[in-house]
Amino acid sequence: TQPDQPTVRLVRGEGGWALEEPVAARADQTSVDTALDKIAELQLESIAARNASHHAELQVDAAQAIHVIARGGDEVLADLWIGGTRSGNTAVRIGEEDAVGMVSGTIRFAFVRDLKDWRDRTITDLDATEVREVAWRGPNGTFRFSRPMSTPEATEENAHPEPTLGDWTLSEAS
């Protein structure tokens, strides 16, 4: 949860990661993987503070921190308040503890995302190497691009060659 933003809840299901809050949608796998990698790779470098009076300065207070709770079923696996960056390391507070650690690297970027960046915005799932023709039709006309498919001659070394696609050419503009 980012300060002054709605909670983003990600849930792993049979079809992969999905957003559950604030909207139900497929999650962007790269964004989820980046966030999970940053949690898994946390390495404590030093203790930055031992009491709560330093939370605001280190940006690990509720007003500034990114609050990340990772669960495995009903069990809380990690409860982190991710704060500011100092000298290439990031301030992190665990749960309600007063102590603040500095972990290796800058990790806050992995969690500071607009809602749209957590969503899978894929429109199609096409293999571009298999597309032979693309056309756009609109108020300014039609534009069609195509590329030929050819099958190389069979040789002794390659009795069944795979067809290949040629270069794109403009086949219609009207």
Give me the one-decimal nm value for the distance between modelled label points at E20 and D114, 7 Å along each residue's Cα-to-Cβ direction.
2.6 nm
What is the percent carbon and sulfur in the accessible area of the chain, measuring with a 1.4 Å probe over the protein chains and ignoring ligands?
48 percent
Of the options V131, V103, P22, report the single residue whose Cα projects farthest towards the positive end of the charge dipole of the chain (beta-carbon charges: Lys, Arg +1; Asp, Glu -1).
P22
Could you list which residues have their amide H under 5 Å from that of R119, counting only those 5 or more apart in sequence or on another chain, with H placed in the peptide plane?
D28
Quick one: 3J(HN,Hα) in Hz for the stretch 150-167, Karplus 6.51/-1.76/1.60 with θ = phi - 60°, rounded, Gly and Pro as x.
9, 10, x, 5, 5, 10, 5, 6, 9, 6, 10, x, 6, x, 10, 9, x, 7
Please name which of T169, I82, S31 has its Cα lying farthest along the dipole of the chain towards the positive end, using unit charges on Cβ (Lys, Arg +1; Asp, Glu -1) and the Cα centre as origin.
I82
Residue by residue through the stretch 54-69, the couplings from Karplus 6.51 cos²θ - 1.76 cosθ + 1.60 with θ = phi - 60°, in Hz, x for Gly and Pro, are 9, 4, 5, 4, 8, 6, 10, 8, 4, 6, 10, 6, 8, 9, 10, 10
For L10, the residues 5 or more places away or on another chain with a placed amide H closer than 5 Å to its own amide H are E20
Cα-centred dipole magnitude for the stretch 1-86, charges only on beta-carbon of K, R (+1) and D, E (-1), debye, nearest 20:
100 debye
Within the stretch 12-149: Cβ-based charge dipole about Cα centre, in debye rounded to nearest 20 (Lys, Arg +1; Asp, Glu -1):
760 debye
Helix-only estimate, please: 222 nm mean residue ellipticity of the chain, summing -39500 (n - 2.57) across DSSP H runs of length 4 or more and dividing by its residues, to the nearest 500.
-2500 deg cm²/dmol
How long is the stretch 1-158 along each principal axis, judged by its Cα atoms, biggest number first, in Å?
74, 49, 35
I'd like the orientation of helix 29-40 relative to the chain: the angle between its Cα long axis and the longest Cα principal axis, in ° from 0 to 90, rounded to 10.
30 degrees
Scan the stretch 90-174 for GluC sites (Glu not before Pro) in coil per DSSP, keeping those whose Cβ has at most 15 other Cβ atoms within 10 Å, and list them by number.
E96, E97, E153, E156, E157
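Compute the length gained on full extension between A128 and Q5: take 0.36 nm times their separation in residues and subtract their Cα-Cα distance, giving the result in nm to one decimal.
40.6 nm
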Output ³J(HN,Hα) for the stretch 105-118: one whole-Hz value per residue in order, computed from phi by the Karplus curve 6.51 cos²θ - 1.76 cosθ + 1.60 with θ = phi - 60°, and x for Gly and Pro.
x, 9, 10, 4, 4, 5, 10, 8, 9, 5, 3, 4, 7, 8
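The values are calculated or read from the model by the stated rules, or taken from the named source; none is laboratory data. Being a predicted model, the structure only gives us computed values, none of them experimental. Note: ideal-geometry Cβ built from the backbone for every residue, glycine included; neighbour counts use all protein chains shown. SASA here: full protein model, heavy atoms, side chains in, ligands and nucleic acids out. Shrake-Rupley method; radii C 1.70, N 1.55, O 1.52, S 1.80 Å.
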